[in-house]
Amino acid sequence: MSEYKDTLNLPQTDFPMKASLSQREPEILRKWEEMDIYKTLRSMRKGKKKFVLHLGPPYANGHIHLGTATTTILKDIIVKSKSMSGFDAPLVPGWDCHGLPIELNVEKKIGKPGRKVTAEQFRDACREYAASFIDIQREEFKRLGIVADFAHPYLTMDPKYEANIIRALAKIIRNHHLQKGYKPVHWCLDCASALAEAEVEYAEKTSPSIDVRFKVVDNTDFWSRFDHVHKGMGPISIPIWTTTPWTLPANEAVALNPLLQYVLVATPSPEQFLIAEDLLPAVLKRYGIEKHTVLGHIRGEKLAGVKLQHPFYEKQVPVVLGDHVTVESGTGAVHTAPAHGIDDYNAGKKFNLPLENPVGDDGCYTASTPLFAGLHVTKADEKILEILRERGALVHEEKLQHSYPHCWRHKTPLIFRATPQWFISMDQHDLRGLSLKAIDRVKWIPDWGKSRIAGMIENRPDWCISRQRAWGVPLSLFIHKETGELHPDIFNLMEKVAERVEKGGIEAWYKLDAKEILGSDAENYQAITDVLDVWFDSGVSHECVLKERPELAFPADIVLEGSDQHRGWFQSSLLTSVAINDCESYKEVLTHGFVVDGHGRKMSKSLGNVIAPEEVIQTLGADILRLWVASIDYRYEISASKEILSRMSESYRRIRNTARFLLSNLNGFDPQKDLVPAEDMLWLDRFAVEQTRKIQQEILEAYSTYQFHLVVQKLHQFCIADLGGFYLDIIKDRQYTMQADSRGRRSAQTALYHIAHALVRWMAPVMSFTAEEIWQYLPGEKPASVLMATSYEELAPLADHEIMNVAYWEKIRAVREAVNKEIENQRNAGKIGSALEAEVYLYCAPNLKSQLDALEDELRFVLITSFAKVIAEHAGPVDAIVTEVPGLSLKIEATGNPKCERCWHRREDVGADAKYAGLCGRCVINVAGSGEEREYA
Ligand SMILES: [Zn+2]
Ligand SMILES: [Zn+2]
């Protein structure tokens, strides 16, 4: 053997088998940095059709976690695939920099503003804090292989961005969507601030569950409202049920449903109760009342205005009506405190109830609150129960576990509390209706995103945008000291503020002397010191980024975030854009599910199932993480565990090894002179190129519909089945044994060259590092980076009218599988060693016979056996194996022929030429003659 080794073309490449991604990826990153890949791509794609993916800014706090990594990798895959499809696809990263979480962390370090440090020092510290995490996250994103304009990100704390936030608010005011209100908002006692809807979480809480009697003041008036009623003996009460006793000091009414049927019942005590009919059995059971008499029926609407005695204050409150009263629980009569609930507030507005809020910013009852002044609301329930008991107002008490709003940061229960706030009104100028129309025009992927966000917009309250905090963009409003009205020239005043902020940051606002811009009006006007809800900052990125940066465009082609952003950024971006432009800020929205562990559980420190992206990168490599992200159907929950990721490494290895096989067989191939024109290629090679062309179409389609899991499946399947299991297996013999420059070998290499060029481009958006590594080993003229390439267009089609078309080769492939199966059986039975020891006899129906005959003597190379004979005999001899291929039976026999030292085929003619004793006939021709000829395979 050794004497003929040099006559073989054995595969050879420096492309390493072992990936060692954790070492190799940083080298590739350095290379991209040196060539300034992002900038280069911008100039290469200049003038091409734009594709703008706009990203919602991550918050500049902490390290990135697996969720952020997933979102960002998906964005990067989209942008890279668009860029490789020839679009100019810029990606401008951004960071959200203001807001409470940063403020709270800075408070921990240096104390609250106004105490140990000045507000100015405090804001400086917040700015520094945000900047430090931007630097950290930027490096983390780069390490994931994200290609973006990291040198010029957008930062919401940039003075220019801050100024444009103020300008965006001014436009919203000009379009009449701003409203000043005194409204109940979710209020966190620990944050000492109003919270946005997106900052509210629901969690279980145990509360007192009490029924309180509100006594009817004038029984005669009450009875007169009934058509028929029996007059009972004892006092008449309308009991209410509540789980927030601390709101009773603010009670201003009891609400009934106008359309609901209520009954008046007499009890042995002999008190009379008015209760919703549907709830009567449950209520009586709760009160422990076994006997009762129905005295009369009445619809809620007839009781409007009935006067009731407040349970502990010397005041009377009316019965009011509201559709929000239901028979799900309680008594059908609802305690109404307009300062502490949205429904209550709405009822209060409708029925002109006082909106007195007895609870201060610190969570304590104000000094003017009788009985409870100075008491903190979280400690008030016991005292209120005590007073209710004393006054005989408590009908029933127990404990209840229920779902209750909590602060997402503090995990503490929130209260609803009316405070003067500024709102973007959903209805004042029909922002709700306009937004719903905009939602209709947007494409939502997956499509349930549409009904989800539409449902939220239909039901959401006005957006409270004011916060009583230090680290945020000032509302920059001036209101009249007496009337509370906005300054009539507010739009221009805000522009003047914006100009100053653009130069000096938000600090300029705090240093501003109102006289500078208001002139003599300054005496009559007061500046609002609130800052904007941080969701507003990121919400208006369409104004501050898309419209500001020339490389981008408004609206964005696509936005992509986790599905929690239907409630967050998708909504804040949409609402502000509609309020400013009367149109949506994005054309398509793609959402992915949450990242959970292998058992579908949320990742949390306490469960010990958190996977840090950094850890995966260090052990397996960023490309494994990227391949994992791409391989999941992100519409559902996204599972990650060590096992899942190591399975990913397995699949990565298959793809890498396929690429390595291609490269090693392209050794010595110079496309400039060795490339064979399609029509001169062997038929099998033309088929392989055609198959590649078809899969490329499918893969490009999957990319363009953002179905990356299909990209990965097809890529993987192509490597394993089409290449590894068929084509590459067959051409090994031709590659190794034919003359280096023969048509047969160059034809196969041409196919491998085309396949490699296509494959590396399919891989690039997902496995960017590995694709770049392969790229450097590919022969031929090419751009410096695979990311600069566009999809491969040199894949020649194989027409259907050709005799050896796709259908023909699919048939041959089926025959080969049937043969392989039987060879495997024979090997397992110990009758033959390797496939090359087998002689195959194929008994064929006429059609199949002529198809197999077409391959002439090359059929044995397709079957990878030393000998193959096609016989016209439909059923075959009795001992033939009937296969799954219609019209095919076969027999495998061990050959008695000697083995060729060079090609290992067992042929009769081995040793026929005495000069080359160990060689078969074709090897003699390849070694010493003009070389073997092949036409088909
Ligand atoms: Zn809080
Ligand atoms: Zn040979």
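The values are calculated or read from the model by the stated rules, or taken from the named source; none is laboratory data. In this text the structure is predicted, and so the values were computed from the model without any measurement. All Cβ positions, glycine included, derive from the backbone under ideal geometry; neighbour counts span all protein chains shown. Note: areas computed on protein heavy atoms with side chains; ligands, DNA, RNA excluded. Shrake-Rupley method; radii C 1.70, N 1.55, O 1.52, S 1.80 Å.
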Q: Provide, in order from the shortest bin, the percent of all Cα-Cα pairs of region 777-881 in each 5 Å bin, continuing until the bin that contains the maximum pair distance.
A: 2, 10, 16, 18, 14, 9, 8, 8, 7, 5, 3, 1, 0
Q: Let me see the pair-distance distribution of region 25-135: every alpha carbon pair, 5 Å bin width, integer percents in order.
A: 2, 10, 15, 15, 15, 12, 10, 8, 6, 4, 1, 0
**Q.** region 561-615: C-alpha pair distances exceeding 19 Å, %
**A.** 49 percent
Q. Leaving out ligands, DNA and RNA, what percent of the accessible area of the chain is carbon and sulfur, probe 1.4 Å?
A. 50 percent
Q: Might you tell me the accessible area per residue for region 1-117, computed with a 1.4 Å probe and given in Å²?
A: 46 Å²
Q. Considering every pair of different Cα atoms, what Kirkwood radius, in Å, is found for region 579-729?
A. 18.7 Å
Q) How large is log10 I(q)/I(0) at q = 0.16, 0.28 Å⁻¹ when the Debye formula is applied to the Cα atoms of region 95-143, each weighted equally and without solvent? A) -0.45, -1.00
Q: Would you please calculate the Kirkwood hydrodynamic radius of region 590-667 over all C-alpha pairs and express it in Å, rounded to one decimal?
A: 13.9 Å
Q | Rg ratio (alpha-carbon, reference 2.2 N^0.38 Å) - region 167-286 | A | 1.57
(Q) Can you tell me how region 839-902 classifies by the Cα gyration tensor, rounded, prolate or oblate, using a/c under 1.5 as the rounded cut? (A) oblate
Q | Helix axis angle, 768-777 relative to the chain longest principal axis, alpha carbon, degrees | A | 20 degrees
Q | Evaluated over region 455-611, the Cα radius of gyration and Dmax, each in Å | A | 20.1, 67
Q | Relative pair counts by distance (%), Cα atoms of the chain, 20 Å bins | A | 12, 31, 26, 17, 11, 3, 0
Q. Put Asp741, Asp343 in order of accessible area, largest first, 1.4 Å probe: what do you get?
A. Asp741, Asp343
Q: With the convex hull built on the Cα atoms of region 71-176, state its orientation-averaged projected area in nm².
A: 9.5 nm²
(Q) Report the Cα-based extents of region 708-779 along its three principal axes, largest first, to the nearest Å. (A) 40, 26, 13
Q. 222 nm [θ] for the chain, helices only, -39500 (n - 2.57) per DSSP H run of 4+, per residue, to 500?
A. -12000 deg cm²/dmol
Q | Exposed-loop-free span, longest in the chain, where trypsin sites (Lys or Arg not before Pro) count as exposed if DSSP calls them loop and at most 13 other C-beta atoms lie within 10 Å | A | 606-937
Q. What is the Rg over Rh value, at two decimals, for region 710-750, using alpha-carbon atoms and the Kirkwood definition of Rh?
A. 1.14
Q: Place +1 on the Cβ of every Lys and Arg and -1 on the Cβ of every Asp and Glu in the chain, take the dipole about the Cα centre, and give the residue among Gly322, Pro93, Trp904 whose Cα lies farthest towards its positive end.
A: Gly322
Q: Write down the percent of antiparallel bridges among all DSSP beta bridges whose residues are both part of the chain, to the nearest 5.
A: 70 percent
Q) In region 268-318, how does Rg compare with the Kirkwood Rh, expressed as the Rg/Rh ratio over alpha carbon atoms? A) 1.00
Q: Compute the Cα gyration tensor for region 160-205, then decide on rounded, prolate or oblate, letting a ≥ b ≥ c be the square roots of its eigenvalues: rounded whenever a/c is under 1.5, prolate when a/b is larger than b/c in the other cases, and oblate in all that remain.
A: prolate
Q) Dipole magnitude of the chain about its Cα centre, charges +1 at Lys/Arg Cβ and -1 at Asp/Glu Cβ only, in debye to the nearest 20? A) 780 debye
**Q.** Average projected area [Cα convex hull, region 858-937], square nanometres
**A.** 6.5 nm²
(Q) Could you tell me how many cubic angstrom of Cα convex hull volume region 424-490 has per residue? (A) 152 Å³
(Q) Taking a ≥ b ≥ c as the square roots of the Cα gyration tensor eigenvalues, with a/c under 1.5 meaning rounded and otherwise prolate when a/b beats b/c, else oblate, which class fits region 681-808? (A) oblate
Q: State in Å² the accessible area per residue of region 120-268; use a 1.4 Å probe, count heavy atoms of protein chains only, and round to the nearest integer.
A: 36 Å²
